[in-house]
Amino acid sequence: MRRAHFGGIALAAMLISAPVAGQTLFAQDPLQDDDGAEVTSTPQFESREVVQEDPRDALVQHWSVENAMALAAVIDGIAAEGLNPADYRVDLLREEIERGGSPALDMRASGLFTWLVEDLRDGRTPMDSRRQWFVVDPDADLLPTARLMKDALESGDIAGIVETLAPTHEDYTALRAALAETPAEDTETRKLIIANMDRWRWLPRDLGGQYLITNVPEYQLRLMVNGQIIRTYRTIVGAPGRTATPQLAETVEGVVFNPTWTVPQSIVVGEGLGNRVLGNPSWARSQGYRATRGANGYISVVQQPGPTNSLGKMKLDMPNPHAIFLHDTPNRNLFDSDNRARSHGCIRVERALELAMTVAILGGGASRDEAVGISQSGDYTRVPVERTMPVYITYFTYGLDVDGNLREFEDLYSRDAPVLASLDAPRVGNRATFSSEEIVPIERPGA
């Protein structure tokens, strides 16, 4: 991937460098029972449930024989995008083409076009095979199938409209090229490439002009501006199991310098920290803990800003029900280890103070001098940003690393298997558009 050689656009990074559930389709006829997936209505992307409408009746439009033939040709070549032409039963479309224009041809061609759009725009993998995936993709709302079909039929450019649905990210382009170059007999590699191409479709096509994106298995975070890498940061991510880092798309609303940490009751009570803090004041002071006991016996513990604070010197304020955020750590030596899947789910970032000041400056929340002064004050300070920044927490096991090399990454959380199995299985229609998995709030982000 290209790194930016910039003048003014990478401003902030330079400024602060000094201091511091679906239904399986029938194999014979994928369109019987009019089994078309529903379009999602999502005014803005975030990790939440959305309301769906049923657009299937509106999606049947008139197809000329010429346009239907063009659609058949697109399906013949769809393997280049990592999709299986057999999913779409183009032979049945050609049977209708031979009979000439008819309502049956309209139904068949409209249904197959709809499926192509859904698979290319939204991803073929059904939601129940996307482990810990909580991103709601807005593309179905921004690029509604009925409008795409209308544009394709009016222009006659079926292939051109379909091509516009491919992810625009450089990593997807690299994966597509790798798929073309990988021998057919290397089925394992080809399947892995295809699975990760599909993962790109799960994300919004437009990730934004400036954003943060981290690939959990790579242990890396990228700061992106206008499609170019401005900075990269090594990360520490959730340990496998219940503390595995989920996949999210959230928004940075502010930067917290010198954060406090309110210790969850599972630690205060469950691990006895509350009584230890109250019973050993000198140790508590050395660790920055302050405890209060209510009249009803309830103990609350807050760790104050300082060198021992579990969140280090900063955290990015990105509200979400998972309680996941990016933060510093006092244990910076851990960034040198090879296995950095050891947190309770949150993402620890190296050079975190640099990142915090960069985000504050890019977001218009503080000038360079203000950011430096706030960070060095030692006082808890939340800096709201005027220009919010998306954060994408992703999980790719094959793709470009931060040096631009295409390679495989360890499947830390065993999330590949269900994706690969779903791609080998018959296509699923009426796919859910949000996860039904349990949200497990992270209780100990600094651990």
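The values are calculated or read from the model by the stated rules, or taken from the named source; none is laboratory data. Everything quoted here is computed from the prediction, not taken from an experiment. Every residue, glycine as well, gets a Cβ built from its backbone with ideal geometry; the counts of neighbours run over all protein chains shown.
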Going by the structure shown, is LEU92 of a type in the set (A, V, I, L, M, F, W, C), part of a loop (DSSP other than H, G, I, E, B) and not assigned by TED's automatic domain parsing to the domain that holds LEU400? no
On the given criteria, is TYR398 out of contact with any helix residue (DSSP H, G or I) (no Cβ under 9 Å at 6 or more places or on another chain) and either of a type in the set (Val, Ile, Thr) or at pLDDT 95 or above (or both)? no
Of all residues in segment 75-110, count the ones that are among the charged types (D, E, K, R) and closer than 29 Å to ARG190 by Cβ. 6
Against the definition (on the phi > 0 side of the Ramachandran plot, at pLDDT 95 or above and out of contact with any strand residue (DSSP E or B) (no Cβ under 6 Å at 6 or more places or on another chain)), how does GLY111 come out, yes or no? no
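Among the residues of segment 222-248, which ones are of a type in the set (S, T, N, Q) and either part of a strand (DSSP E or B) or under 19 Å from ASP416 (Cβ atoms) (or both)? Lay out the reasoning, then the answer.
Step one: list which residues in segment 222-248 are of a type in the set (S, T, N, Q), which gives 226, 228, 232, 235, 243, 245, 247.
Those that are of a type in the set (S, T, N, Q) and either part of a strand (DSSP E or B) or under 19 Å from ASP416 (Cβ atoms) (or both): GLN228, THR232, THR235, THR245, GLN247.
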Any hit, segment 361-379, residues being in contact with a strand residue (DSSP E or B) (Cβ under 8 Å, 6 or more places away or on another chain), surrounded by 23 or more Cβ atoms within 10 Å (Cβ to Cβ), in a strand (DSSP E or B) and hydroxyl-bearing (Ser, Thr, Tyr): no
Filter segment 152-191 down to residues that are in contact with a strand residue (DSSP E or B) (Cβ under 8 Å, 6 or more places away or on another chain) and buried (at least 21 other Cβ atoms within 10 Å of the Cβ) and give me whichever is farthest from GLU81 (Cα to Cα). ASP171
For segment 202-257, which residues satisfy the criterion of being under 21 Å from LEU412 (Cα atoms) and among the charged types (D, E, K, R)? GLU218, ARG222, ARG234, ARG242
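Among the residues of segment 275-300, how many are part of a helix (DSSP H, G or I), in contact with a helix residue (DSSP H, G or I) (Cβ under 7 Å, 6 or more places away or on another chain) and not β-branched (Val, Ile, Thr)? Talk me through it step by step, then tell me what you get.
Just the residues of segment 275-300 that are part of a helix (DSSP H, G or I), to begin with: 275-279, 281-287.
Pick out the ones that are also in contact with a helix residue (DSSP H, G or I) (Cβ under 7 Å, 6 or more places away or on another chain) and you get 277, 284.
Restricting the remaining residues to those that are not β-branched (Val, Ile, Thr) gives 284.
Residues that pass the stated criteria total 1.
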Here's a check for you: in segment 233-274, which residue that is closer than 23 Å to GLN376 by Cα and out of contact with any helix residue (DSSP H, G or I) (no Cβ under 9 Å at 6 or more places or on another chain) is surrounded by the fewest Cβ atoms within 10 Å (Cβ to Cβ)? THR262
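Tell me whether segment 104-117 contains one or more residues that are assigned to a loop (DSSP other than H, G, I, E, B), buried (at least 22 other Cβ atoms within 10 Å of the Cβ) and not assigned by TED's automatic domain parsing to the domain that holds THR394.
Start the filter on segment 104-117 by keeping residues that are assigned to a loop (DSSP other than H, G, I, E, B), which leaves none.
No, because not a single residue in segment 104-117 is assigned to a loop (DSSP other than H, G, I, E, B), buried (at least 22 other Cβ atoms within 10 Å of the Cβ) and not assigned by TED's automatic domain parsing to the domain that holds THR394.
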Quick one: which of LEU316, LEU311 is closer than 29 Å to GLN376 by Cβ and assigned to a strand (DSSP E or B)? LEU316
Just name the residue that is nearest to TYR233 (Cα to Cα) out of those in segment 335-351 that are part of a loop (DSSP other than H, G, I, E, B) and of a type in the set (Lys, Arg). ARG351
All but one of (1) in a strand (DSSP E or B); (2) among the charged types (D, E, K, R); (3) surrounded by fewer than 20 Cβ atoms within 10 Å (Cβ to Cβ) hold for ASP206; state the number of the condition that does not hold. (1)
Looking only at segment 299-334, which residues are among the aliphatic types (A, V, I, L, M) and farther than 22 Å from TYR233 by Cα? ILE299, VAL301, VAL302
Do we have MET149 as more than 22 Å from the chain's Cα centre (by Cα), at pLDDT 95 or above, surrounded by 15 or more Cβ atoms within 10 Å (Cβ to Cβ) and not β-branched (Val, Ile, Thr) here? yes
